[in-house]
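**Q** What follows is a single structure, and I will ask about it in a moment.
The values are calculated or read from the model by the stated rules, or taken from the named source; none is laboratory data. Computed from a predicted model, the values in this text were never measured in an experiment. Note that we place each Cβ from the backbone using ideal geometry, even for glycine, and neighbour counts take in every protein chain shown.
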Amino acid sequence: MPVSELDHRLVALRQQVREWAADLRPIALEIDRDPDAINDHLDLPAIRYLSTMVIPPEYGAPPMTVAGHRFYGMASLERAVVLEELACADAGTLLAAPGASMSGVLVDLLADEQQKEWFYGQLLERPQWTFFGLTEPNRGSDAGGLRTALSADGVLTGEKRYVGNATRASLGVVFARTRPGPLGIVATLVRTSAPGYTAVPIDTVGLRGARIGAITLDRVEIPPEHVLGSHLSAAQRGMWACVRTFNRLRPGVAAIALGIARAAYEYVLAERDRPGRDGRDRLDVLGRRIEATRRLIRSAAMSVDANGGHGHLASAAKARACRLAEDATLEACELLGPGARLEHPVLDKLTRDARGVEFMEGTENMQRLNVFHGYLAGAFGR
């Protein structure tokens, strides 16, 4: 069996999620206009599953049972299958869903048992949103330029930008500096109800369901038990865990981009009954690119599942899939004519969303650097 082919478990999972995804399409434009409308749809099967995905079973997460198999969303390959199908229905609604998301993956890597029980337990009480605070104003995700500070007496001060769900989350993770140098970076659990935490939304063109926001941390008190990784060495507490979190999640982000590209491709097939010879050729090329990118994403997910430190292929998949999403949506607009974005609101949304996914978990330039470092290190063979 080729490395990128799915086994019978994941084929069954894909089919089930594809059925659930049909519920997201009718509400896509509604969520785009008003992200808070997601509160009216929390009972949809796909949203319910996302609300507990990436919570390990030992902490009480209910499984999704399909054809006798249990799924918790802990493996990158499993998440890639789920996220492609849901993003093909609507990436904005997918990102609007509550759940552990990036913070949950980091907690799994970095937290001790008591921290995991507390964090995951909060999310299992009721559907809640989480946030992941790394990026800062004027410094992006550059760990060397991180200025948010955690003082010796547990006071957190600083700013974060472009944080998904920042205004509606109840808890999340913030990266901060305790001292100069790369070993002085730690991650902390933060409750958004804590005095000194404020968040405001940032207007975005695409992926509006994610409610991107800006966070200000004005002397937020962090109890010692909410500093992650105190039981680990300093080298494992901060950016080491962050990098491995990104490695685990990038195949999923690539799958979201792939889902957007596939949605544009399928939209044209449905709307354009008899494309001319040129149109057929262009659609054939696009279809082959979608399949090739899917194979790359699955290979990258399997590589990360085998070794969380091997993220070079995941970066390659993320860069290629985001480029494909932009190309596919523009191609779809060209094939449907000059007024396509005005006449087809769904296609207009796909085009806007395709631009947004480029900035999730590192732009193309960052991914290219990761791939280049992997090449120099011999990660891809010679």
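**Q** Kindly list the number of the only condition in (1) part of a loop (DSSP other than H, G, I, E, B); (2) surrounded by 12 or more Cβ atoms within 10 Å (Cβ to Cβ) that fails for D43.
**A** Among (1) part of a loop (DSSP other than H, G, I, E, B); (2) surrounded by 12 or more Cβ atoms within 10 Å (Cβ to Cβ), D43 violates only (2).
**Q** What's the total number of residues in region 102-119 that are touching a residue at least 60 places away in the same chain (Cβ under 8 Å) and crowded, with 23+ Cβ neighbours inside 10 Å?
**A** 8
**Q** Considering only region 211-245, state which residues are in contact with a helix residue (DSSP H, G or I) (Cβ under 8 Å, 6 or more places away or on another chain) and within 21 Å of Q122 (Cβ to Cβ).
**A** R211, E225, H226, L228, G229, S230, A241, T245
**Q** OK, next. Given the conditions (1) at pLDDT below 95; (2) in contact with a strand residue (DSSP E or B) (Cβ under 9 Å, 6 or more places away or on another chain); (3) over 24 Å from G133 (Cβ atoms), report the number of the one that V82 does not fulfil.
**A** Result: V82 fails condition (1) only.
**Q** With respect to the numbered conditions (1) modelled with pLDDT of 95 or more; (2) crowded, with 24+ Cβ neighbours inside 10 Å, which one is the sole condition not fulfilled by R219?
**A** If we test R219 against (1) modelled with pLDDT of 95 or more; (2) crowded, with 24+ Cβ neighbours inside 10 Å, just (2) comes out false.
**Q** What residue, of A270, A328, A306, is touching a helix residue (DSSP H, G or I) at 6+ places or on another chain (Cβ under 9 Å) and among the small types (G, A, S)?
**A** Exactly one of A270, A328, A306 is touching a helix residue (DSSP H, G or I) at 6+ places or on another chain (Cβ under 9 Å) and among the small types (G, A, S), namely A328.
**Q** Moving to a separate point now. Of all residues in region 340-376, which are assigned to a helix (DSSP H, G or I) and aromatic (F, W, Y)?
**A** The answer is F372, Y375.
**Q** From the list G144, G181, pick out the single residue that is surrounded by fewer than 15 Cβ atoms within 10 Å (Cβ to Cβ) and on the phi > 0 side of the Ramachandran plot.
**A** G181
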